[in-house]
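One structure below.
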């Protein structure tokens, strides 16, 4: 049996994006007010795949803040395999690329594969204090 199809509310441009984002206090207040006033819209995401990559993005693109969107990642990640479900696991040979990227965050790490990279990052951060 196929899952029930839900029609998306009219008048909304659909948009998806990363689950990693930053919002201003003003936009958060707007979202909070919208959510309180539109429970049917919110409930539409109960049966949505990856709602964290859709819900806020759709709201902001359809909000008064749409012209203030800066579509720039602050997280360093590598998608060396474009068909992968997750970014590449970063290792110590990626350290220079991470450092030179000027990003504030990085992912994805796995201590069972390479814990040295995390030690290298800690050392870099602590030496600047």
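Structure notes:
- Selection from the range 42-78 of residues that are in contact with a helix residue (DSSP H, G or I) (Cβ under 6 Å, 6 or more places away or on another chain) and without any contact (Cβ under 8 Å) to a residue 24 or more places away in the chain: 42, 45, 51, 55
- Qualifying residue in the range 23-35 (condition: assigned to a loop (DSSP other than H, G, I, E, B) and in contact (Cβ under 8 Å) with a residue 12 or more places away in the chain): yes
- Boolean, residue 77 is in contact with a strand residue (DSSP E or B) (Cβ under 9 Å, 6 or more places away or on another chain), at pLDDT 85 or above and surrounded by 13 or more Cβ atoms within 10 Å (Cβ to Cβ): yes
- Applying the criterion of being under 20 Å from residue 85 (Cα atoms) and not in a helix (DSSP H, G or I) to the residues of the range 37-57, the residue that is farthest from the chain's Cα centre (by Cα) is 48.
- Qualifying residues in the range 97-129 (those that are exposed (fewer than 14 other Cβ atoms within 10 Å of the Cβ) and farther than 29 Å from residue 23 by Cα) - the one nearest to the chain's Cα centre (by Cα): 111
The values are calculated or read from the model by the stated rules, or taken from the named source; none is laboratory data. Just so we're clear, the structure is a prediction, and the values are computed from it rather than from any experiment. Positions of Cβ are backbone-derived with ideal geometry, glycine not excepted, and every protein chain shown enters the neighbour counts.
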